[in-house]
Amino acid sequence: MIRRLVPAVALLASACMSVPAPPPTIAPPSATGEFARLPVASIAPVPDDWWRLYDDPVLDGLVLSALAANADLRVAYANLDGARAALRQARAARLPQTTIESALGIDNPAGQPSASGNVPTTDYDIAATASWDLDLFGRLRSAATAAGADTEAQVAVVDGLRVAVVADTVLAYVDLCGSTRAIATAREVAAAQDRSLALVREQLRAGEVSPLEVSQVATIAAATRAAIAPFEAQRANALYRLATLQGRPPAEARAYRFACTAAPRLRGAAPVGDGTALLLRRPDVREAERRLAAAAARIGVARADLYPRVNLGGAVGLLSGGISAAVTPLVSWAFPNQAPARARLEQARATERAALAGWDVAVLRSLREVETALATYDAETRRNRDLATASREAQAYARRAGARVRLGDAPGLLQVDAQRAIASATLQQVQSDLAVSQNEVALFRALGGGWRTDAATR
């Protein structure tokens, strides 16, 4: 009668001890709506290959090369392989475990008295054993569920690194092209000021100007030349970043030859989607949700330790010519001292609460980053337009001042002031052009663009 009741009891217990479900992750309605309505953005969906919006074949090649050879991605892929192996191990633990053992011994009774003489005997044993954890209370099932969630979280980590690699590559290319243009522009302005300085020195020798005008023009020319060195350093740093992103030593960057003369810019408004699409796309949000699922499953592992563990063991063997078989059930139960198991259960529940809070943090951070990037991008775009107007006005001011000075209607200091205005407006303009492109990249990074699930998981 007892044997008949065992399967029923096991089935009932297995049904009662299911894998705990994670708490619901529900974002507030304000988090799933549209972002701030700004002229620089549209609600069009964010493409996976957003860098192709720049229509730059060189940039396309750099991004694909970085995704294929980046060292950080190789580390992430290796960690993903390890997580998948751990998942297979957890699933295999639910199956019967089998082993085969053998032994051979020779007993040589030489030197010992025997009625039958000293005849060596051989003993040989071979046995096959099997054990099966019945998992009545879902310990192994919960462990497999946790390992599966860990694997999915690691997939999200790989996706996040792909986002970072793409954004870093595009940003390095933007810095390279933008600093190249800034260097060229600063050199043009410096050359024009050097010509003005030479002219003013000739005027000084002719007695038409004072040494004050010469000193002022020389100061402006020196300040413009001083602005070239930071741009050159920025360009060199961008080359080194491109090399390391592609898994190459920085020294190889010196051989790179790029023809870009201006930072790439979007032709229209940036596609940003809405909050719902963002939360589904951001890898860090998906990672946080999977970490929460893993933490919930590990509550089931800790809870199962409060109950008996039933293991069926069996063996069949050939022992010196004779066959033997045995089946032995093994029951282990940490009772009555269950304080350690209950402490582990409380730890698992605390880990779940922390994972839930981590998901909230990931959601809030992703929304903040997008809104901040949008505001910064919009502000720099408006500033860029104003600087373009200021540059045009500085050019007009310089032409009028030069005409008045030539007619003798104004002192030479007026023309010097006009040159200072041109230099300042021009350099601010090229710096702002670069900042606009940098803010575009920061926006796409915040949006989580630049990954494909099928490519990330290989």
| field | For Ala238: the one exception among (1) surrounded by fewer than 21 Cβ atoms within 10 Å (Cβ to Cβ); (2) touching a residue at least 60 places away in the same chain (Cβ under 8 Å); (3) not in a loop (DSSP other than H, G, I, E, B) | value | (1)
| said: Quick test for you: out of Arg420, Arg385, pick the one residue that is part of a helix (DSSP H, G or I), charged (D, E, K, R) and without any contact (Cβ under 8 Å) to a residue 24 or more places away in the chain. | reply: Arg385
| request: Select from the stretch 49-67 the residues that are over 21 Å from the mean Cα position of the chain (by Cα) and under 14 Å from Leu176 (Cβ atoms) and write down the one among them that is surrounded by the fewest Cβ atoms within 10 Å (Cβ to Cβ). | output: Val58
| request: Looking at (1) surrounded by 18 or more Cβ atoms within 10 Å (Cβ to Cβ); (2) over 25 Å from the mean Cα position of the chain (by Cα); (3) within 22 Å of Pro57 (Cα to Cα), find the lone condition where Ile220 falls short. | output: (3)
| task | Identify the single condition in (1) outside any helix (DSSP H, G or I); (2) at pLDDT 90 or above; (3) among the aliphatic types (A, V, I, L, M); (4) in contact with a Lys or Arg (Cβ under 8 Å, 6 or more places away or on another chain) that Ala44 does not satisfy, given that it satisfies every other one. | result | (4)
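Filter the stretch 283-330 for residues that are among the polar types (S, T, N, Q) and closer than 28 Å to Ala341 by Cα; which is surrounded by the most Cβ atoms within 10 Å (Cβ to Cβ)?
Taking the stretch 283-330 as the starting set, the residues that turn out to be among the polar types (S, T, N, Q) are 311, 320, 324, 328.
If we keep only those that are closer than 28 Å to Ala341 by Cα as well, we get 311, 328.
Details: Asn311: 15, Thr328: 10.
Checking each candidate, the answer is Asn311.
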| Number of the exception - Val166 against (1) within 30 Å of Leu443 (Cα to Cα); (2) surrounded by fewer than 16 Cβ atoms within 10 Å (Cβ to Cβ) | (2)
| note | If you go through Asp135, Asp125, the only one that is assigned to a loop (DSSP other than H, G, I, E, B) and at pLDDT below 95 is Asp135
| request: Among the numbered conditions (1) part of a helix (DSSP H, G or I); (2) farther than 30 Å from Val158 by Cα, tell me where Arg291 comes up short. | output: (2)
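How many residues, within the stretch 188-221, are out of contact with any helix residue (DSSP H, G or I) (no Cβ under 7 Å at 6 or more places or on another chain) and farther than 16 Å from Ser424 by Cα? Steps first, please.
Quick first cut of the stretch 188-221, residues out of contact with any helix residue (DSSP H, G or I) (no Cβ under 7 Å at 6 or more places or on another chain) only: 188, 191-192, 195, 198-199, 202-203, 205-208, 210, 212, 215, 219.
Those still in the list that are farther than 16 Å from Ser424 by Cα too: 195, 198-199, 202-203, 205-208, 210, 212, 215.
Here the count works out to 12.
The values are calculated or read from the model by the stated rules, or taken from the named source; none is laboratory data. From a predicted model like this one, the values you see are computed outputs, not experimental measurements. Methodologically, a virtual Cβ is constructed for each residue, glycine included, from the backbone with ideal geometry; neighbour enumeration extends over all protein chains shown.
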